[in-house]
1. Hey, of (i) 18, 57, 25, 0; (ii) 17, 52, 25, 6, 0; (iii) 13, 15, 13, 13, 12, 11, 11, 8, 4, 0, which did the structure itself give for P(r) over Cα pairs in 10 Å bins from 0, in percent when calculated?
2. Suppose the chain between residue 67 and residue 37 were pulled fully straight at 0.36 nm per residue; how much longer would it get relative to their current alpha carbon spacing?
3. Given 27, 8, 71, which one lies farthest toward the positive end of the charge dipole of the chain, if we put +1 on the Cβ of every Lys and Arg and -1 on the Cβ of every Asp and Glu?
4. Tilt of helix 15-53 relative to the longest C-alpha principal axis of the chain, in degrees (0 to 90, nearest 10)?
5. How about segment 1-75: which GluC sites (Glu not before Pro) there lie in a loop by DSSP and see at most 12 other Cβ atoms within 10 Å?
6. About the Cα centre of the chain, what is the dipole size in debye to 20, counting +1 per Lys and Arg Cβ and -1 per Asp and Glu Cβ, all else neutral?
7. If I model a spin label at residue 82 and residue 49 as a point 7 Å from the Cα along the Cα→Cβ vector, what separation in nanometres do I get?
8. Angle between the Cα long axis of helix 58-84 and the longest principal axis of the chain, 0 to 90 degrees, nearest 10?
Amino acid sequence: MATNERVLPGVRVNRGLLAGGAVLTGIGSLLGAAGAAMLCAAVVTAGRDWMRSLETRPTTYAQRALHEARVASTAGWEAWRAEHGSAN
């Protein structure tokens with residue numbers, strides 16, 4: 001009865017097989033986590049190298065786009081005020 005234990009009527013669980021599966025699942029989980037960590041480290045390193053190789057920094061692009069958006073917003077607001085009169 002130690003190897004095969006009845007859990008439910010008519011159902012027998014092989015404890016050795018269950019324990020072996022649990023151990024292999026744990027080992028697989030640890031290997032998967034280690035692989036994911038290595039993958040993340042490789043991607044972060046490649047991203048940093050790519051950022052260093054750029055001539056123009058991404059913050060410069062972002063600041064330029066924000067400036068253009070503000071200019072466009074102001075132009076739109078002024079055009080609307082000219083068409084409909086000053087709301088203030």
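All of the numbers you see were taken from the coordinates with simple rules; none came from a lab. None of the values given here were measured: they were computed from a predicted structure. We place every Cβ from the backbone using ideal geometry, glycine too, and count neighbours over all the protein chains shown.
1. So the calculated entry is the one marked (iii).
2. On the way: separation 30, 0.36 × 30 = 10.80 nm, distance 3.85 nm.
6.9 nm is the gain from fully extending residue 67 to residue 37.
3. With unit charges placed on the Cβ atoms, the residue in question is 8.
4. Tilt relative to the chain: about 20 degrees.
5. Values: sites: 5, 55, 68; in loops: 55.
Qualifying residues, ordered by number: 55.
6. Values: 9 positive and 6 negative charges, 88 e Å.
Taking the Cα centre of the chain as origin, the dipole is about 420 debye.
7. Those two pseudo-labels are separated by 5.3 nm.
8. 50
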